[in-house]
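The values are calculated or read from the model by the stated rules, or taken from the named source; none is laboratory data. In this text, all values refer to a predicted model and were calculated from it rather than measured experimentally. Glycine gets a Cβ as well: all are built from the backbone with ideal geometry, and neighbour counts include every protein chain shown.
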Amino acid sequence: MAILGIDVGGTGMKGALVDTETGELLSERFRLDTPKKRDPEGMAQCFNEIVKHFDYKGPIGAGFPTIIKNGVCGSQGNLHKSWKGLNVSEVFSQETGLPVIVVNDADAAGYATMQYGVGQGEMGLVIMITIGTGIGSGAFFNGQLIPNVELGQIPYKKYKRIEEWASASAKERDGLSLEQWAERFNKFLKITDLLVAPDLIILGGGLSKEWDSYEHLIDSPVHIKPAALRNNAGIVGAAAAALTVL
Ligand code: BGC
């Protein structure tokens with residue numbers, strides 16, 4: 001079944017039609033910049049532009065970069081503070097006139113990877129880490145999602161959240177080389193291991209596209225696999241979420 005999946009990020013919003021049986025993209029990706037204010041009104045309009053681009057009528061699955069419980073935003077994340085407490089499904093449904101099922105973006109990316117990608121059949125505790133504007137995490141125990149696990153929110157030194165120090169946007173903000181950024185990311189991986197001792201970490205998000213260029217710099221206590229779906233996992237998982245209650 002072809003479902004429109006939209007990955008809502010702090011920097012960009014990306015959509016594509018997805019074959020939910022195979023997890024393959026059935027269209028080109030269409031991407032728009034997230035409005036700088038990251039507010040509900042602007043983001044809902046941007047979301048609708050993506051839907052209009054595909055001239056799509058049907059249920060939409062969306063990954064959203066905050067805690068999401070029953071469609072409601074449970075944390076501000078890297079977005080405008082007015083999102084907190086809003087029903088994101090309703091905000092997007094009202095704007096598009098279509099049903100929108102919303103889940104956390106890293107949970108969506110992880111779901112796609114477990115269902116269609118390198119996570120298939122992986123048992124024990126598997127954590128999907130997405131490296132983008134923030135650091136997202138999707139946790140799966142014996143294939144079952146534990147929703148809204150937020151490893152990017154761990155406080156670190158003067159930072160309220162370690163993602164402010166080790167994400168892709170921190171790399172850009174601080175003008176870090178890959179070597180310098182990898183040192184920070186290695187620290188994040190060590191803390192993750194100390195806290196939840198995963199059996200496997202799967203890397204996704206924007207920076208996972210460049211895995212080949214920094215794999216040799218990563219020093220992880222846990223085995224790491226890059227998500228083969230790379231940065232499309234968020235879109236694919238979001239589309240799958242429209243059909244499955246994650
Ligand atoms: C949010 C997470 C989200 C991650 C990646 C963090 O700021 O707290 O919910 O998954 O960013 O977008």
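Computed quantities for the displayed model
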{"quantity": "Region 77-134, residues that are more than 10 Å from the ligand (Cβ to nearest atom) and polar (S, T, N, Q)", "calculated": "SER82, ASN87, SER89, SER93, GLN94, THR96, THR113, GLN115, GLN120"}
{"quantity": "Test for LYS190: is it charged (D, E, K, R), on the phi < 0 side of the Ramachandran plot and surrounded by 15 or more Cβ atoms within 10 Å (Cβ to Cβ)", "calculated": "no"}
{"quantity": "Which listed residue is within 15 Å of the ligand (Cβ to nearest atom), at pLDDT below 95 and either on the phi < 0 side of the Ramachandran plot or touching a helix residue (DSSP H, G or I) at 6+ places or on another chain (Cβ under 6 Å) (or both), from SER137, SER208", "calculated": "SER208"}
{"quantity": "Test result for LYS57, over 18 Å from the mean Cα position of the chain (by Cα) and closer than 22 Å to THR244 by Cα", "calculated": "yes"}
{"quantity": "Filter pass, ASP219 being closer than 19 Å to SER167 by Cβ and surrounded by 14 or more Cβ atoms within 10 Å (Cβ to Cβ)", "calculated": "no"}
{"quantity": "Any hit, region 168-183, residues being more than 13 Å from the ligand (Cβ to nearest atom) and closer than 22 Å to VAL126 by Cα", "calculated": "yes"}
